[in-house]
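The values are calculated or read from the model by the stated rules, or taken from the named source; none is laboratory data. Predicted model only: the values in this text are computed from it and were never measured. Please note: Cβ atoms are built from the backbone with ideal geometry, for glycine as well, and neighbour counts cover all protein chains shown. Quick note on the areas: whole protein, heavy atoms, side chains included, nothing else; ligands and nucleic acids left out. Shrake-Rupley method; radii C 1.70, N 1.55, O 1.52, S 1.80 Å.
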Amino acid sequence: MTASTSDVDLYSLELTDDPEVQNDVFLKIFNSGDGAAFDNLYRDDAISNLTGSPLSGEARTKGIIELLAKGPTLNSVVKHSYTADDVTLIVVDFELGLPGEDGELVQIKGSCTDVIRRVENGKWLMAVDRPVADITV
């Protein structure tokens, strides 16, 4: 039996240098809708393009919380991963469902480039995420 997202402490989930685990953690927290938990995956100085423009600091946190509060859905598959010491570059193909004005999900497909870094305490955190949409279906 697998635990549902509501049974998981989202604030205890951490990224790793294993791209499949990193992707699973990223998806679990994103799809929970808990923007504050999701923002905990980022370095303080990280840049996120999830909202459509590069944001960092308080603007990134606010943007992520507002985006996830809308109830989007995300699925992604790791295509490439490269690790050099304390930096990992991960490329994923994604499908994002964003609620439209009528409440129906608008499906967006694309690729995302993520850079995660290991910090002083050994924990891995997101430094950059850059999704690029290819197709809206």
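Brief remarks follow.
- Identity of the residue in segment 87-137, surrounded by 13 or more Cβ atoms within 10 Å (Cβ to Cβ) and either over 19 Å from the mean Cα position of the chain (by Cα) or among the aromatic types (Phe, Trp, Tyr) (or both), that ends up farthest from Gly71 (Cα to Cα): Trp124
- Flag if Val21 is open to solvent by less than 70 Å² (accessible area, probe 1.4 Å) and either at pLDDT 90 or above or not small (Gly, Ala, Ser) (or both): yes
- Pair list, Cβ under 7 Å, 6 or more apart: segment 52-72 residue among the small types (Gly, Ala, Ser), other residue open to solvent by 50 Å² or more (accessible area, probe 1.4 Å): Ser56/Asp45; Ser56/Ile47; Gly63/Thr51
- Among the criteria (1) open to solvent by less than 60 Å² (accessible area, probe 1.4 Å); (2) touching a Leu at 6+ places or on another chain (Cβ under 7 Å), the one Thr51 does not fulfil is (1).
- Scanning segment 85-137 for residues that are among the hydroxyl-bearing types (Ser, Thr, Tyr) and in contact (Cβ under 8 Å) with a residue 40 or more places away in the chain yields a single hit, Thr88.
- You will find that of Thr51, Thr61, the residue that is among the polar types (S, T, N, Q) and either at pLDDT below 95 or over 14 Å from Met126 (Cα atoms) (or both) is Thr51 and no other.
- Residue within segment 57-75 that is among the polar types (S, T, N, Q), open to solvent by 30 Å² or more (accessible area, probe 1.4 Å) and under 16 Å from Thr88 (Cβ atoms) present: no
- Test for Ser111: is it in a strand (DSSP E or B), hydroxyl-bearing (Ser, Thr, Tyr), at pLDDT 95 or above and more than 24 Å from Leu10 (Cα to Cα): yes
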